[in-house]
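Let me begin by presenting the structure, written as structure tokens, before commenting on it.
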Amino acid sequence: MMCECYTRRMAKAAVREVPPLGPEECLQQALGATTAVARVRLARTGLAAPTFEDLEIQGLLLRELHRGLLDQGLFEAAEEAALQGAAVFSKNRDEDAEPLEDVLLQLAARAALARGDGETAIAHVQRAARKAPKGRRAFHHWTLGSLLFLAKRYSEAATSLARASRLSGDDAPGKALYRGHLALVKTAQGEPPADLQAIVNTLAVSPTAAGYGGFVLGHLAYAAGEFPTAERYLRRFLAGTQDVALAGEIAMSQATLAKITEG
């Protein structure tokens with residue numbers, strides 16, 4: 001019968017013989033992590049590698065670190081991780097790697113919004129729009145327009161949203177949302193577009209109406225004095241929204257609902 005002390009020594013030796021995870025293995029496991037704590041731990045383990053020949057792996061590890069930190073409510077650290085990731089992707093000259101600098105800047109903006117700094121978020125998204133490949137520029141300009149709208153910088157918001165609509169190409173759901181959001185900005189300026197009802201009708205049947213479009217439709221309905229319709233859209237938007245980066249939209253929707261219910 002094998003003695004207990006020998007068994008313990010063998011077990012310890014087996015543990016020592018397990019090779020440490022490399023950056024790529026850490027990334028794969030971080031992508032599938034079921035908890036924020038595990039994702040952060042794996043990302044940091046991968047990032048501890050002394051050198052990185054593959055900058056894409058390093059940047060993606062920083063993206064996973066951002067995700068884990070954001071989910072833990074560590075917004076400042078999450079923003080910094082995303083900015084570090086953007087810097088890594090800006091240095092990557094591998095033509096086969098996907099350009100993701102703009103994506104990491106967008107994530108940095110989400111973290112800035114989560115910690116309540118809208119102006120810094122705007123600056124991050126402005127950079128993202130400049131760095132983005134053609135296929136993602138419309139989204140960044142829409143995001144920028146939405147932030148400028150919440151900041152009541154309506155003229156700048158209108159410019160960004162009009163640009164998003166122009167860049168959206170054949171993305172019909174995106175175009176419906178961007179045009180609807182632009183109509184909301186114009187309405188806030190006291191200049192509702194002449195084809196407002198057609199814009200509303202298009203957005204109402206778009207897939208985006210079930211998400212962010214509900215925020216836009218609800219406030220357009222409120223501006224038109226259609227309070228039951230506004231309440232329906234805004235309550236649906238709030239019920240389906242838990243994104244910490246949408247705190248501004250949530251607060252605005254709640255304030256509008258309070259005005260409706262107070263009569």
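Would you please name the residue that is farthest from ALA251 (Cα to Cα), looking only at residues in the range 134-170 that are outside any helix (DSSP H, G or I) and modelled with pLDDT of 95 or more? Can you show your working first?
Step one: list which residues in the range 134-170 are outside any helix (DSSP H, G or I), which gives 151-153, 168-170.
So of that shortlist, the ones also modelled with pLDDT of 95 or more come out as 151-153, 168.
Numbers: ALA151: 13, LYS152: 14, ARG153: 17, SER168: 28 Å.
In this case the residue turns out to be SER168.
Just name the residue that is surrounded by the most Cβ atoms within 10 Å (Cβ to Cβ) out of those in the range 178-220 that are β-branched (Val, Ile, Thr) and free of Cβ contacts under 8 Å to residues at least 40 places away in the same chain.
The initial filter retains those residues of the range 178-220 that are β-branched (Val, Ile, Thr), namely 185, 187, 199-200, 202, 205, 208, 216.
Keeping just the survivors that are free of Cβ contacts under 8 Å to residues at least 40 places away in the same chain gives 187, 199-200, 202, 205, 208, 216.
Details: THR187: 18, ILE199: 22, VAL200: 22, THR202: 18, VAL205: 8, THR208: 20, VAL216: 29.
So the residue we want is VAL216.
Kindly state which helices (runs of 4 or more DSSP H) lie completely within the range 188-242 and contain at least 2 residues that are under 22 Å from ALA172 (Cβ atoms) and small (Gly, Ala, Ser).
Working: elements: 196-204, 212-223, 227-239.
It comes to 196-204, 212-223.
In the set ALA224, ALA188, ALA251, which member is under 21 Å from the mean Cα position of the chain (by Cα) and of a type outside the set (Ser, Thr, Tyr)? Break it down into steps so the answer makes sense when it comes.
On the way: ALA224 fails: under 21 Å from the mean Cα position of the chain (by Cα); ALA188 fails: under 21 Å from the mean Cα position of the chain (by Cα).
Criteria check complete, one pass: ALA251.
Based on what the data block shows, is GLN189 touching a Ser or Thr at 6+ places or on another chain (Cβ under 8 Å) and of a type in the set (S, T, N, Q)? Talk me through it step by step, then tell me what you get.
Values: touching a Ser or Thr at 6+ places or on another chain (Cβ under 8 Å): yes; of a type in the set (S, T, N, Q): yes.
Judged against the criteria, GLN189 is a match.
Of the conditions (1) out of contact with any Leu (no Cβ under 9 Å at 6 or more places or on another chain); (2) surrounded by fewer than 18 Cβ atoms within 10 Å (Cβ to Cβ); (3) free of Cβ contacts under 8 Å to residues at least 40 places away in the same chain, LEU55 satisfies every one except a single condition; which number is it?
For LEU55, the exception is condition (3).
Within the range 148-171, work out how many residues are surrounded by 24 or more Cβ atoms within 10 Å (Cβ to Cβ) and either more than 18 Å from the chain's Cα centre (by Cα) or touching a residue at least 60 places away in the same chain (Cβ under 8 Å) (or both). Working first, answer last.
Keep residues of the range 148-171 that are surrounded by 24 or more Cβ atoms within 10 Å (Cβ to Cβ), which gives 149, 157, 160-161, 164.
With the extra rule that they be either more than 18 Å from the chain's Cα centre (by Cα) or touching a residue at least 60 places away in the same chain (Cβ under 8 Å) (or both), the set shrinks to 157.
Residues that pass the stated criteria total 1.
May I ask you to verify whether ALA82 is at pLDDT 95 or above, outside any helix (DSSP H, G or I) and on the phi < 0 side of the Ramachandran plot?
Answer is no for this residue.
Residues of the range 32-45 being surrounded by 14 or more Cβ atoms within 10 Å (Cβ to Cβ), within 24 Å of the chain's Cα centre (by Cα) and assigned to a helix (DSSP H, G or I), which ones?
Of the range 32-45, the ones surrounded by 14 or more Cβ atoms within 10 Å (Cβ to Cβ) are 33, 36, 38-45.
So of that shortlist, the ones also within 24 Å of the chain's Cα centre (by Cα) come out as 33, 36, 38-44.
Selection gives ALA36, ALA38, ARG39, VAL40, ARG41, LEU42, ALA43, ARG44.
The values are calculated or read from the model by the stated rules, or taken from the named source; none is laboratory data. Bear in mind the structure is a predicted one, so any value in this text is a computation, not a measurement. Don't worry about glycine lacking a Cβ; one is built from the backbone with ideal geometry, like all the others, and counts go over all protein chains shown.
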